[in-house]
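The values are calculated or read from the model by the stated rules, or taken from the named source; none is laboratory data. All figures in this text were calculated on a predicted structure; none of them were measured in a lab. Cβ: placed from backbone, ideal geometry, glycine included. Neighbour counts: every protein chain shown.
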Amino acid sequence: MGGYEQYCPVARAIEIIGDRWTPLIIRELLAGIHRFNDLDRGLPGISRPLLTERLRRLEHAGIVERRIGAGGRMVGYYLTNAGQGLKGVIDTLGTWGARWVFGDPRTEELDAAFLIWRMRRRINLELVPRERVVIRFAFSGVKRQRPLWLVVEKPEASVCLTDPGFETDLFVTADLAALHKVWLGRSTWDEALRQGLVEIEGPSVLARALPRWLKWSPFADAVREAMGHPGPRQLEKMRP
């Protein structure tokens, strides 16, 4: 990206973070994603060479640093203090987008693997009642979306593109657009269940608890507030 040739803080900042994909890379780093392969997975559509180039630019600008472990092994990419200072910028962009330009998902935005990958990162593991819970997701509404498995195994959760070989505890069948809307706060889990857009098979204790494990998108509150409804955190406070 070329310079603006303007002596202005806004121009200088945009010269660094205004490239295509760069704000989303920063979003992922702020979410605690550090390994190159995980960054690549959280940014479907970016090429690996372009991701490498963007990370190098951010490193050169002093926003990102590479950390090397014992034996010269690459540990990951981390935000510097300057990079952490962009949290408010990303949060403000998300809140503005939720209020002014966010609507129902477009067909080209419906990506099951991307959605489950983001859900995997927003699980309250303290509320999961077992050491391992395996959830199989099957999707309707969009062609060529294969089943995915979410393996919640303390201290982390993982996404599997093929059967992980463990006994499946919950079977979730969902309209992909509906589940995207629930995740982002444009709908609720209960609404999707009532409308038959999400169905769960499995032990009732686990099925009822599932939505409580999920923290939903960090922008879900902003999306619901923009729609004139209380956000998930406000709904939680309203429960008796």
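Only a single criterion out of (1) at pLDDT below 95; (2) within 30 Å of GLU53 (Cβ to Cβ); (3) crowded, with 16+ Cβ neighbours inside 10 Å is not satisfied by ARG73, namely (3). Residue under question is ARG239, and the condition is that it be crowded, with 20+ Cβ neighbours inside 10 Å, modelled with pLDDT under 95 and either over 21 Å from TRP117 (Cβ atoms) or more than 17 Å from the chain's Cα centre (by Cα) (or both); does it hold? Answer is no for this residue. Among residues of region 99-127 that are part of a helix (DSSP H, G or I), those with a beta-carbon under 8 Å from a residue that is surrounded by fewer than 11 Cβ atoms within 10 Å (Cβ to Cβ) at least six positions away or on a different chain give the pairs ALA113/PRO44; PHE114/PRO44; LEU125/PRO155. Find the residue count for region 6-23, including only residues that are part of a helix (DSSP H, G or I) and free of Cβ contacts under 8 Å to residues at least 60 places away in the same chain. So the answer is 9. Looking at region 141-157, is at least one residue surrounded by 15 or more Cβ atoms within 10 Å (Cβ to Cβ), free of Cβ contacts under 8 Å to residues at least 12 places away in the same chain and assigned by TED's automatic domain parsing to the domain that holds LEU214? Yes, that holds for at least one residue.
From the list LEU161, LEU125, LEU86, which one is touching a helix residue (DSSP H, G or I) at 6+ places or on another chain (Cβ under 9 Å) and at pLDDT 95 or above?
LEU86
Within region 67-95, the set of residues being touching a Leu at 6+ places or on another chain (Cβ under 8 Å) and farther than 17 Å from PRO218 by Cα comprises TYR77, TYR78, LEU79, GLY83.
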